[in-house]
Amino acid sequence: MTAEKIIVVFLDGVGLGDENPATNPFARYPMPFWRSLLDGRPPVKANSGYSNAFAGLMGLDATLSVPGLPQSGTGQTAILTGLNAAAHLGEHSGPYPTSALKTLLAEHNIFSHLLARNKPVAYAGAYPDQFLARLQRGTERLSANTRAARLAGLKLRTGADLQAGRAVSALLTNRYWREWGYDVPLLNPQQAGQQLANVARDHALTFFEVWYSDVVGHRQDMARAGELLTMLDGFVEGIVAAINPANTMLLIVSDHGNLEDLSTKQHTLNPALALAFGAEHHRLTGLSSLPDIAPFVLNTLA
């Protein structure tokens, strides 16, 4: 199976933790579809390196041999560029990229590399008009992921794109968009996953960011974590049902730990989550740290 397309679902702040249901929602809540991909195994540290005919799970080092707790700015930059951004700065930094990280993103991000090869790229998340207006005024802060998309010249998708099925809400179901006054359909998580797969049909790489996972981790809210994991389980089920695993890879990745250990409000030293399904998924087991992701994506889509 050769991967002609990759769908990246980026989950902010999700590591592989201990199989302890008291602190780890991934051990507490069933997530039946995710576990089915791994022959019933939960996505926890003890199952890192597991692979079967369909999917594989790896924990990727997010510390990057730099003291301190991993952060989103350096972690996301490492994912997108293949460079040890934390070592470049001499520290972990986040949540937003510094000027030095912006330079790395401008010169080395995978979106630009793929576009230079005439490989179409989609940044699939939808942004409300207020956000885009602040961005136009220069008053909106951007994650490293969104910053890289902008630097590569990718379109940031709008409420109109969401209404037309050409984008996906970061909170998946569109409920908040409807509360904000947008005339968009209310989706269940499976339908949101199918919508992301539809966007991916015309692109070599489709990138979608979920930031809420890091928010829930910082809040140490087990019940809310359970609601989120239930949604993510259905979301991934919808993606898998709508793609051809013979030529498409689904790659779920994160930048650092957080949600997997609700005993602390802080980020963790746990390895970051990486789960692959479909074409060439077995190659995931050769990765060991965040900077491995960019060359993995680029080589897979070569």
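Values quoted throughout were computed directly from the atomic coordinates according to the rules given, and no laboratory measurement underlies them. The shown structure was predicted, so the numbers you read here are calculated from the model rather than taken from an experiment. When we count neighbours, we look across all protein chains shown, and the Cβ atoms used for this are built from the backbone with ideal geometry, even at glycine.
Taking region 38-48 as the search range and keeping residues that are in a loop (DSSP other than H, G, I, E, B) and surrounded by 15 or more Cβ atoms within 10 Å (Cβ to Cβ), which one is farthest from the chain's Cα centre (by Cα)?
Across region 38-48, the extreme among qualifying residues is ARG41.
Within region 110-140, count every residue that is closer than 30 Å to GLU4 by Cα, among the charged types (D, E, K, R) and touching an Asp or Glu at 6+ places or on another chain (Cβ under 7 Å).
So the answer is 0.
Has region 23-39 got at least one residue that is among the polar types (S, T, N, Q) and touching a residue at least 24 places away in the same chain (Cβ under 8 Å)? Break it down into steps so the answer makes sense when it comes.
Let us first name the residues in region 23-39 that are among the polar types (S, T, N, Q), namely 23-24, 36.
Subset that is touching a residue at least 24 places away in the same chain (Cβ under 8 Å): 23-24.
Checked region 23-39: at least one residue is among the polar types (S, T, N, Q) and touching a residue at least 24 places away in the same chain (Cβ under 8 Å).
Of the residues GLY75, GLY68, which is among the small types (Gly, Ala, Ser) and surrounded by 24 or more Cβ atoms within 10 Å (Cβ to Cβ)? Talk me through it step by step, then tell me what you get.
Working: GLY68 fails: surrounded by 24 or more Cβ atoms within 10 Å (Cβ to Cβ).
Among GLY75, GLY68, only GLY75 is among the small types (Gly, Ala, Ser) and surrounded by 24 or more Cβ atoms within 10 Å (Cβ to Cβ).
Taking ALA225 as meeting all but one of (1) assigned to a loop (DSSP other than H, G, I, E, B); (2) within 30 Å of GLN266 (Cα to Cα); (3) of a type in the set (Gly, Ala, Ser), write down the number of the exception.
Among (1) assigned to a loop (DSSP other than H, G, I, E, B); (2) within 30 Å of GLN266 (Cα to Cα); (3) of a type in the set (Gly, Ala, Ser), the lone unmet condition for ALA225 is (1).
Given the criterion over 18 Å from ASP292 (Cβ atoms) and hydrophobic (A, V, I, L, M, F, W, C), identify the matching residue among LEU101, LEU114, LEU105, LEU83.
Answer to the check: LEU101.
Name the residues in region 188-204 that are in contact with a strand residue (DSSP E or B) (Cβ under 9 Å, 6 or more places away or on another chain) and either within 15 Å of VAL236 (Cβ to Cβ) or not in a loop (DSSP other than H, G, I, E, B) (or both), would you?
Scanning region 188-204 gives ALA192, GLY193, GLN195, LEU196, ALA197, VAL199, ALA200.
Cβ-Cβ below 6 Å, separation at least six or inter-chain, first residue in region 127-142 and under 20 Å from ALA106 (Cα atoms), second of a type in the set (Ser, Thr, Tyr) and not in a helix (DSSP H, G or I): which pairs?
If the second residue must be of a type in the set (Ser, Thr, Tyr) and not in a helix (DSSP H, G or I), the pairs left are ARG141/TYR96.
Residue-wise test of (1) part of a helix (DSSP H, G or I); (2) free of Cβ contacts under 8 Å to residues at least 60 places away in the same chain; (3) touching a helix residue (DSSP H, G or I) at 6+ places or on another chain (Cβ under 7 Å); (4) not aliphatic (A, V, I, L, M).
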{"site": "ARG150", "(1), (2), (3), (4)": "yes, yes, no, yes"}
{"site": "GLY153", "(1), (2), (3), (4)": "no, yes, no, yes"}
{"site": "TRP177", "(1), (2), (3), (4)": "yes, yes, yes, yes"}
{"site": "THR206", "(1), (2), (3), (4)": "no, no, yes, yes"}
{"site": "GLU237", "(1), (2), (3), (4)": "yes, no, yes, yes"}
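Checking ASP255 against (1) assigned to a loop (DSSP other than H, G, I, E, B); (2) farther than 21 Å from ALA144 by Cβ, which test does it fail?
(2)
Considering only region 179-204, how many residues are in contact (Cβ under 8 Å) with a residue 24 or more places away in the chain and either farther than 17 Å from VAL8 by Cβ or among the polar types (S, T, N, Q) (or both)?
Number of matching residues: 10.
What number of residues within region 239-269 are in contact (Cβ under 8 Å) with a residue 40 or more places away in the chain, more than 14 Å from the chain's Cα centre (by Cα) and farther than 23 Å from SER169 by Cβ?
13
Name every residue in region 49-65 that is surrounded by 18 or more Cβ atoms within 10 Å (Cβ to Cβ), out of contact with any His (no Cβ under 7 Å at 6 or more places or on another chain) and not in a strand (DSSP E or B), in order of residue number.
Once the filter is applied, which keeps residues that are surrounded by 18 or more Cβ atoms within 10 Å (Cβ to Cβ), out of contact with any His (no Cβ under 7 Å at 6 or more places or on another chain) and not in a strand (DSSP E or B), region 49-65 yields THR63, LEU64.
Looking at LEU105, LEU83, LEU69, which one is closer than 18 Å to ARG147 by Cβ and assigned to a loop (DSSP other than H, G, I, E, B)?
Step by step, each of LEU105, LEU83, LEU69 is checked, and only LEU83 is closer than 18 Å to ARG147 by Cβ and assigned to a loop (DSSP other than H, G, I, E, B).
If the requirement is being of a type outside the set (D, E, K, R) and closer than 12 Å to ILE79 by Cα, which of these qualifies: HIS267, HIS281, HIS256? Can you show your working first?
Details: HIS267 fails: closer than 12 Å to ILE79 by Cα; HIS281 fails: closer than 12 Å to ILE79 by Cα.
After ruling out the rest, the residue left standing is HIS256.
Would you please name the residue that is surrounded by the most Cβ atoms within 10 Å (Cβ to Cβ), looking only at residues in region 1-37 that are closer than 19 Å to GLN190 by Cα and touching a Phe, Trp or Tyr at 6+ places or on another chain (Cβ under 8 Å)?
Residue satisfying both the conditions and the ranking: ILE7.
Please verify whether SER72 is under 23 Å from LEU262 (Cα atoms) and either in contact with a Phe, Trp or Tyr (Cβ under 6 Å, 6 or more places away or on another chain) or touching a residue at least 60 places away in the same chain (Cβ under 8 Å) (or both), treating the condition exactly as stated.
yes
Which ones in region 72-95 are under 16 Å from the mean Cα position of the chain (by Cα) and over 18 Å from ALA274 (Cβ atoms)?
Residues satisfying the conditions are GLY73, PRO95.
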